[in-house]
Amino acid sequence: MPEISTEYIAIGCNRTTHAAAWGVNGLVAFGASQLIALYNPLVCQGSDLHDVALVSGSADNTAKIWKKNNSVWVNSATLEGHQGAVEAIGCMRSLSIEVDQDDILATGAADGTIRIWKRHVKNDTEALALSYLPESKVPILACAHTDKKITIFIYQHDKFEKGHVLQGHDNWVRSLAFATYTGTQNDATATNHTLKPGDLMLASGSQDRYIRLWKVSPHTPPPSKPRQYSLMFEALLMGHDDWVYSVCWERPRIEKDTNGENRFTQPMRLLSASSDKSMMIWSPDPATGVWVNEVRMGDIGGNSYLGFCGALFSPEGHHVLSHGANGSFHLWKDISSDADDNHWTPEVSISGHFKAVESVTWDPKSRFLLSASLDQTARLFAPWNRQVDGQDVTTWHEMGRPQIHGYDLKCLSFVHDWQYVSGADEKVLRVFDAPRSCVASLAVLTGEKNIKDETESRPVGASVPALGLSNKAVFEGDINEMTAAADEDHTALQSYTHTTSTPTSLMEVMNHPPFEEHLLQHTLWPEVEKLYGHGYEIMCVDSTHDGKYIATGCKAATAEHAVVRLFDTSNWKEIKTKIAAHALTVTRARFSHNDQWLLTVSRDRLWSLSKQVDGDDPETPYQLVAKNKAHARIIWDCSWSHDDVMFATGSRDKTVKIWTQQGETFGCVATIKCAEAVTSLEFAPSQIGGHATNVSEWGLWHSVDSRSCHVGVVRSLSWRIHNGAFQLASAGEDHSVRILNVKL
């Protein structure tokens, strides 16, 4: 039996606030389409504390509790009852863990309700810690509404009762966070310090651009009187220029005090994230208690993505991680030499698509993977091969973003090693050529030094003009002119910097995978051609293996628009003769490996075959020779075997059919019945086992573990052989690109 393992998963974070959480165990959990993805940014064990469970909320109106059972995360409970999407979750935390007390968590939903859930401890030895009123075991809950107010609830008589309403924000409150002040070693030197150990701090971030801090303090009551508390406005933090989406306190941890004893410490450091593309860390001055901004991180100028949706502290407090409105992650590390210094630098993180991925394909030499998505980007993934502490290490990363488009991308195909053509929800196909910086960077990062030989005569990079929509090639002569103009006129450099990238940055060769800001601005491929002719949105594209011809199809409701158009890459002109075989949208076009055949499949349930015409007729390179109504429903995909002896078609009718040549046409020799509609298929690039088989007999060879599979429709598959081993790349509607190792 084969051994199948996951090599790589690329997926972006959902573009909503509170879509990620960094546990004390070091794992970051984040929402990714319908999935919860787990990511270890620091490859560490986390702190001495631990999380009992993970809670997630969804647009399906439910919340779920996840717990780790050995090495597998399982759904231990599903909380049902809301009539709208669950958009806010409150898990109470405190200085101590009460084993004999029930866990309480709160969920807020779009139905305008807050539900309180209680978990009774049965077989567990620990319960989730709650946040309590100071010096008590009474839970306190804060919630924000669209009325700009913050409501405080106190847990009494087995229910939460409204205790107070906080006013002050001028717009919606987007984030709330509690922390208990534990005191510091330097409290004795704080002459004007207002915080006392045990004070409960509440931070609120709002769309009014401000952060407000509130303090709950205990008062010693007179004899026979109940415990009393004061709730006061503590500070107004101003610094962000746009909506504040999240506030997050640094995580509590166990530290050694001056006597060497373990001490539970809650640092008074607050991290905020805003749509102004910045994160800020706030803390009170040790002497005066005045809250000040320690450091500001983020992006200034450049490509105008929509800022940050949230930011998190690492368990030890030396890293921060933010997630952006384009699904990206941004990791920063504190490299300060002492506590008074604040020097943060960006670190390599992960990235991925944030909408359905429609197509994946390896480059002709199987060195890197290219994907196209409805998030309007084409992304390049490749391995980063390096040595760490004398050990060979390989990790996969997004190494480039060749195309950032204004339309949803649907399909792509390589014309040759460093050139591809893509189709989108527009009538035009676009051809892109790799710049020198991309080729040179891949040579360094992948360790394949022979790639460097392919950099000659290539443009240095690509830029998007201030009023343009296409990636314009930048050559060395352009760099020299821009640099000279910048030396004479500083405004020229300023304008260029703000719209795309600097002249020098286009020539940089990367020594590590690019950060998100670099991907947005410095890894574009120049657009070299546009191909016109179709009347509706492009649906499929394929290129001959010798790079001479491109075949394309578009959305069609009539035979007039269901034609397959051919383009000659020597002059990028459309060939006069079209392949008119279908009545509805052509969903897939595939050239055979020897370029003798062009196979197309369609919504009209037909496949068609066009054969390469002998001779040198530039007007008719391929001629229709056969077509067959092969399936009972739409045919989604087709593929040629590695030796072109047969091809396969996959359909919504839940069958895969195998076709071999029988005289002048191809006939069906086998039908494989499946449990669901077949949306994608791909023959392996070589025969498995090394001996001939009966093509009319097919059986299930292996089922991939569901935990390694997509959740939802698989849109594209692509094989490669690397170092003698098979790898299968896949793209799905769940926003992910996956690579599986298939060991025979």
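Of the GluC sites (Glu not before Pro) found in the stretch 631-694, the ones in coil according to DSSP and having at most 12 other Cβ atoms within 10 Å of their Cβ are 664, 676. Under the convention that each Lys and Arg Cβ holds +1 and each Asp and Glu Cβ holds -1, the size of the dipole of the stretch 195-286 around its Cα centre is about 380 debye. To the nearest ten degrees, helix 490-499 and the longest principal axis of the Cα atoms of the chain are 80 degrees apart.
Here the label points at residue 688 and residue 342, each 7 Å from Cα along the C-beta direction, are separated by 5.7 nm in the simple model. Heavy-atom accessible surface of the chain, averaged per residue, reaches 46 Å², computed with a 1.4 Å probe. Putting +1 on Lys and Arg Cβ atoms and -1 on Asp and Glu Cβ atoms, find which of 650, 575, 205 reaches farthest to the positive end of the dipole of the chain. In the chain, that residue is 650.
If you sort the three axes of the alpha carbon gyration tensor as a ≥ b ≥ c, you get a/c under 1.5 for the stretch 1-81, which makes it rounded. Computed from Cα positions, the angle between helix 476-488 and the longest principal axis of the chain comes to roughly 40 degrees.
In terms of the mean number of neighbouring beta-carbon atoms within 10 Å, the peptides 165-172, 135-142, 276-283 order highest first as 276-283, 135-142, 165-172.
For the stretch 269-395, the Cβ-based charge dipole about the Cα centre amounts to some 600 debye (Lys, Arg positive; Asp, Glu negative; other atoms uncharged). About the centre of its Cα atoms, the chain shows a dipole size close to 2260 debye [charges on the beta carbon of Lys, Arg (+1) and Asp, Glu (-1) only; nearest 20 debye]. Is the stretch 396-435 best put as rounded, prolate or oblate by its Cα gyration tensor, with a ≥ b ≥ c the root eigenvalues, rounded for a/c under 1.5, and otherwise prolate when a/b is larger than b/c, oblate when not? Cα axes put the stretch 396-435 in the oblate bin.
Measuring r between the beta carbons of residue 695 and residue 633 and using R0 = 22 Å, the FRET efficiency lands at 0.40. Once you order the gyration tensor axes a ≥ b ≥ c over the Cα atoms, which shape class does the stretch 630-744 get: rounded for a/c under 1.5, otherwise prolate or oblate by comparing a/b with b/c? It comes out oblate by the Cα gyration axes.
Backbone phi angles across the stretch 374-380, fed through the Karplus curve with coefficients 6.51, -1.76 and 1.60 (θ = phi - 60°), yield HN-Hα couplings of 6, 7, 6, 10, 10, 10, 10 Hz in residue order; Gly and Pro are listed as x.
Shown here are the Rg and Dmax of the Cα trace of the chain, at 29.6, 107 Å. Here the mean projected area of the convex hull built on the C-alpha positions of the stretch 350-443 is 6.5 nm². Ordering of 15-23, 515-523 by packing is 515-523, 15-23, highest average first (other Cβ atoms within 10 Å, averaged per residue). Summarising the label geometry, the points placed 7 Å from Cα in the beta-carbon direction at residue 71 and residue 233 lie 5.5 nm from one another.
Extension gain, residue 668 to residue 259, is 139.1 nm, computed as 0.36 nm per intervening residue step minus the present C-alpha separation. Checked against a 24 Å cut-off, the cross-linked pairs 576/611; 64/215; 355/578; 365/576; 578/673 give Cα-Cα distances beyond that limit for 64/215; 355/578; 365/576; 578/673. Taking trypsin sites (Lys or Arg not before Pro) across the stretch 556-586, the ones in a DSSP loop with at most 10 further Cβ atoms lying within 10 angstrom of their Cβ are 576. Model label points for residue 391 and residue 83, set 7 angstrom from Cα along the Cα-to-Cβ axis, are 5.5 nm apart. Highest mean packing first, where packing is the average number of other Cβ atoms within 10 Å per residue, the peptides 212-221, 395-404 line up as 395-404, 212-221.
The values are calculated or read from the model by the stated rules, or taken from the named source; none is laboratory data. Source: prediction; values computed, not measured. Cβ: placed from backbone, ideal geometry, glycine included. Neighbour counts: every protein chain shown. Keep in mind that these areas ignore ligands, DNA and RNA; they rest on the heavy atoms of the full protein, side chains included. Shrake-Rupley method; radii C 1.70, N 1.55, O 1.52, S 1.80 Å.
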